[in-house]
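Student: The following block contains the structure, expressed as structure tokens.
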Amino acid sequence: MRPSRRALPRLSVALAVLLMAGLGAAAPARGTEFPKGWEGYHSYTELTTEIAQVAAAHPDIVKLFSIGQSYKGRQLWAVKVSDNVGVDENEPEVLFDGSHHSDEHMGVEMTLHIFHWLVDGYGTDPRITNIVNTREIYIVFLVNPDGAEYDIHGGRYWFWRKNRQATPGSTAIGTDLNRNYGYRWGLGGRTSSNPLAITYHGPRPFSAPETRAMRDFLASRVVDGRQQIRAAISFHELGRLVMWPYGYTLTDIPADMTADDHAALARIGRHMATTNGYRPEQASDLYITRGTTKDYEYGTYRIFAYTFEMSIKDYPDDSKIASETGRNREAVLYLMERAGCPYAVLGAALRIARCGAFDDDLEVARGWTVNPDGTDTAPAAGRFARADPAPTSRFGSKQLGTATSGRDVLVTGSRAGAKPTASDLDGSSTVRSAAIDLPATSGQHLTFRYVFAHDAASTSADTFKAVVEAQDGTRTEVFGLTGKPVDTDGRWRSASISMDPWAGQTVHLRFEAVDGGPGNLVEVEIDDVRITQPS
Ligand code: 0X9
Ligand code: CA
Ligand code: ZN
Ligand code: CA
């Protein structure tokens, strides 16, 4: 096991029981049992009791907590399952959630089954034991408990999909929680701005307490600047589908997705579909949506985020629970195993390149700090930033408008400006990575792609350096370029540096660019910063 980074607050069983007792007192008096023929499903009260009992029976590997409260004040129960569960270990994390849509009750049974597979198999089934020992698995059992309780009140079904939130300025009730997330929230396809519609997206992104709780939980899993959750499944009904992002566009690889991600998302999705007999497709192939959980998780954090549509008929009776959940066992185990590094499914070269101690395509925030020592002299517009670079040209192209992966890079002065010299460096700028734990093995390499462009007025005062900062603060230049009085156009090049001196240490990477001459032009771009597996 890796050293712990911080102890997690632990919700004691006693506290959980207290919370539940409080809820019981506040809960409406009406019955919450499913209709006859469906009693095998778990009502909110039964779910609450069940997960508290299972958690109490497995305190070494289960931590029970709530990610927040529903609109009506119900706790949104979650568990973490892992070895040393009270400690936030450096292990890949996986998230499963059930029933964003409250008329899709099979999702709750699915998340409960995953919970049982993990705790029941731990110590007896070697595959499960290995997963629990090497992953941190989060399960949010029921995202929409208010809707789920409403859907079964009075001993019949009400076909209720949304939450039970009042809409300001309307008598209509409820927001479609799978339209309320804040990534490209808006209108498109089956998404509505009409509060009466079953796909109502809410008055604004994250207007629903339930989606805010999910957002805040996801944000809480950013440690050392990096999202720890690598893979996720939301369980819906119906149609027996495995879907990957995006839902907002029909384009397979839009600007906010990389080609590697698309290849691995589809490869893993298709494999899971061979194990459960579902149809694999991009989410938008079913229909276009805006504001789904999965677009948010992938778009914001690059989580490998899948939607499963279970069942083939509405409201399957409880005799279907065992088979509809059981057929997903292999897919769920497979995804937990792949969460270590999803790119490994694309072959040995990508596994070595992208499954090491660090892998940043610069497409989302991963903890880089600009001007970490407060010593940058470049103006704000010229400093390093993670951005989509505008192309500039002056006696040939200088800043390239293309990345080596996706859309974004680290770039000094991303804008083109009124003239090419407007947004160039003009001073010094430094960017520092978050902490990186290097395994104690030789053969790891720091690799990155870079552009270092300057005009004919350049001198040796213009520099671009890569520096490794050791645990004790010692800085070692591992890569350096200096300017010459020769016009040098921008071109993507590759660097590779042995990390053997730092094996077993926690380090920070630094990139430093200096435009030391008055009136000349220097542009630096960086993409695909990685520490490879040993090779
Ligand atoms: O519409 C939804 O939210 C999901 N289907 S459901 O029948 N359970 O309501 C599908 C979401 C997947 N994304 C897209 N189809 N774009
Ligand atoms: Ca652990
Ligand atoms: Zn659904
Ligand atoms: Ca990139």
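Student: In square angstrom, what is the accessible area per residue of the range 359-531 with a 1.4 angstrom probe?
Tutor: It amounts to 39 Å² per residue over the range 359-531.
Student: Can you list the aspartates and glutamates whose alpha carbon is less than 14 Å from that of residue 313, not counting same-chain residues fewer than 8 positions off?
Tutor: List returned: 103, 104, 237, 324.
Student: Taking the convex hull of the alpha carbon atoms in the range 359-531, what volume per residue do you get, in Å³?
Tutor: Roughly 100 Å³ of hull volume per residue.
Student: For the range 140-291, what is the accessible area per residue in Å² when the probe is 1.4 Å?
Tutor: With the other protein chains kept in place, the range 140-291 gives 35 Å² per residue.
Student: First measure r as the distance between the Cβ atoms of residue 90 and residue 50, then evaluate 1/(1 + (r/R0)^6) with R0 = 30 Å and state the FRET efficiency to the nearest 0.05.
Tutor: Efficiency at R0 = 30 Å is approximately 0.45.
Student: Can you give the angle from 0 to 90° between the axis of helix 44-57 and the longest principal axis of the chain, with both taken from C-alpha atoms, to the nearest 10?
Tutor: Value to nearest ten degrees: 70.
Student: Calculated FRET efficiency, residue 224 and residue 36, Cβ-Cβ r, R0 51 Å, to nearest 0.05?
Tutor: The calculated FRET efficiency here is 0.45.
Student: Only residues of the range 420-464 count here: report those whose backbone N is under 15 Å from the spot 7 Å along Cα→Cβ of residue 487, or say none.
Tutor: Within reach of a label on residue 487, which here means backbone N under 15 Å from a point 7 Å along Cα→Cβ, the range 420-464 contributes 420-421, 453-458.
Student: Would you please state which residues of the range 452-480 a label at residue 506 would reach in this model, taking the label point 7 Å out along Cα→Cβ and a backbone N cut-off of under 16 Å?
Tutor: Once the point is set 7 Å along Cα→Cβ of residue 506, 469-474 turn out to lie under 16 Å by backbone N, inside the range 452-480.
Student: Calculate I(q)/I(0) for the chain by the Debye formula, one identical point scatterer on each C-alpha and no solvent, and give its log10 at q = 0.05, 0.11, 0.12 Å⁻¹ to two decimals.
Tutor: -0.23, -0.98, -1.12
Student: Given Cα pairs under 8 Å that are at least 6 residues apart, what percent is the relative contact order of the range 23-148?
Tutor: Relative contact order for the range 23-148 comes out at 29 percent.
Student: Among 36/294; 72/162; 36/320; 398/465; 36/63; 294/320, which pairs are too far apart, with a Cα-Cα distance over 22 Å?
Tutor: Violating the 22 Å limit, Cα to Cα: 36/294; 36/63; 294/320.
Student: Whose amide H sits under 5 Å from the amide H of residue 359, counting only residues 5 or more places off or on another chain, with H placed in the peptide plane?
Tutor: 531
Student: May I have the convex hull volume per residue, in Å³, for the Cα set of the range 292-388?
Tutor: For the range 292-388, the hull spanned by Cα atoms encloses 177 Å³ per residue.
Student: Once phi is turned into θ = phi - 60°, what whole-Hz ³J(HN,Hα) does the Karplus curve with 6.51, -1.76 and 1.60 give for every residue of the range 400-415, x standing for Gly and Pro?
Tutor: Per residue, the Karplus-derived 3J(HN,Hα) values read 7, x, 10, 9, 8, 9, x, 10, 10, 9, 8, 9, 7, x, 5, 6 Hz.
Student: So how exposed is residue 487, as accessible area in Å² (1.4 Å probe, rounded to 10)?
Tutor: The accessible area of residue 487 comes to roughly 60 Å².
Student: Turning to a different aspect of this structure: So what's the convex hull volume per residue for the Cα atoms of the range 113-227, in Å³?
Tutor: Hull volume normalised by residue count: 148 Å³.
Student: Now, a different point. Could you give each residue of the range 293-299 its phi-based ³J(HN,Hα) in whole Hz, using Karplus coefficients 6.51, -1.76, 1.60 with θ = phi - 60°, and x for Gly or Pro?
Tutor: For the range 293-299, the Karplus curve yields 3, 6, 5, 5, 5, 6, x Hz.
Student: Kindly sort 111, 129 by accessible area of their heavy atoms, largest first, with the probe set to 1.4 Å.
Tutor: 129, 111
Student: Further, regarding this structure: Karplus couplings for the range 235-250 from phi (6.51 cos²θ - 1.76 cosθ + 1.60, θ = phi - 60°), rounded to Hz, Gly and Pro as x?
Tutor: These are the phi-based 3J(HN,Hα) values: 9, 10, 9, 9, x, 6, 10, 10, 10, 10, x, 9, x, 7, 9, 7 Hz.
Student: Quick one: accessible area per residue over the range 56-109, 1.4 Å probe, rounded to a whole number of Å²?
Tutor: About 23 Å² of surface per residue is accessible.
Student: Under 12 Å from the Cβ of residue 35, count the other residues' Cβ atoms, weight Lys and Arg +1, Asp and Glu -1, and hand me the total.
Tutor: Charge balance near residue 35 sits at -3.
Student: Report relative contact order for the range 333-476 in percent, whole number only (criteria: Cα-Cα under 8 Å, sequence separation at least 6).
Tutor: It rounds to 22 percent for the range 333-476.
Student: Still on this structure, I have one more. Bin by bin, in steps of 10 Å, what percent of the Cα pairs in the range 17-173 do you find, going until the bin that has the longest distance?
Tutor: Percent of Cα pairs in each bin: 10, 38, 32, 15, 4, 0.
Student: Same structure again: Rounded to the nearest 0.05, what FRET efficiency do residue 498 and residue 158 have when you use their Cβ-Cβ distance and R0 = 51 Å?
Tutor: The calculated FRET efficiency here is 0.20.
Student: Using a 10 Å cut-off on Cβ atoms, rank the peptides 168-176, 441-449 from the highest mean neighbour count down.
Tutor: Order by mean packing, descending: 441-449, 168-176.
Student: Please report the relative contact order for the chain, taking Cα pairs under 8 Å with a sequence separation of at least 6, and give it as a percent rounded to a whole number.
Tutor: That works out to 12 percent.
Student: Follow-up question, since we're still on this one. Which of the trypsin sites (Lys or Arg not before Pro) found in the range 277-380 are loop residues per DSSP with 11 or fewer other Cβ atoms within 10 Å of their Cβ?
Tutor: Filter output for the range 277-380: 313.
Student: Stretch residue 275-residue 355 to full length: gain in nm at 0.36 nm per residue minus the Cα-Cα span?
Tutor: Here the segment from residue 275 to residue 355 would lengthen by 26.3 nm.
Student: Give me the distance in nm between label points sitting 7 Å out from Cα along the Cα-to-Cβ direction at residue 318 and residue 346, one decimal.
Tutor: Here the modelled spin labels are 4.6 nm apart.
Student: Arranged from highest to lowest average of other beta-carbon atoms within 10 Å per residue, in what order do the peptides 54-60, 480-486, 269-275 appear?
Tutor: The densest-packed peptide leads the list: 269-275, 54-60, 480-486.
Student: Here's something else I'd like to know. Given a 1.4 Å probe and every protein chain left where it sits, what share in percent of the accessible area of the chain is carbon and sulfur?
Tutor: Using a 1.4 Å probe with all protein chains present, the chain comes out at 53 percent carbon and sulfur.
Student: Determine the calculated [θ] at 222 nm for the chain from helices alone, applying -39500 (n - 2.57) to every DSSP H run no shorter than 4 residues and normalising by the residue count; nearest 500 deg cm²/dmol.
Tutor: -7000 deg cm²/dmol
Student: So how do 428, 393 rank on accessible area, 1.4 Å probe, biggest first, that is with the largest at the start?
Tutor: 393, 428
The values are calculated or read from the model by the stated rules, or taken from the named source; none is laboratory data. Computed from a prediction, not measured in an experiment: that's the story for all the values here. No Cβ is skipped: glycine too gets one built from the backbone with ideal geometry, and neighbour counts run over all protein chains shown. Only protein heavy atoms, including side chains, enter the accessible area calculation; ligands, DNA and RNA are left aside. Shrake-Rupley method; radii C 1.70, N 1.55, O 1.52, S 1.80 Å.
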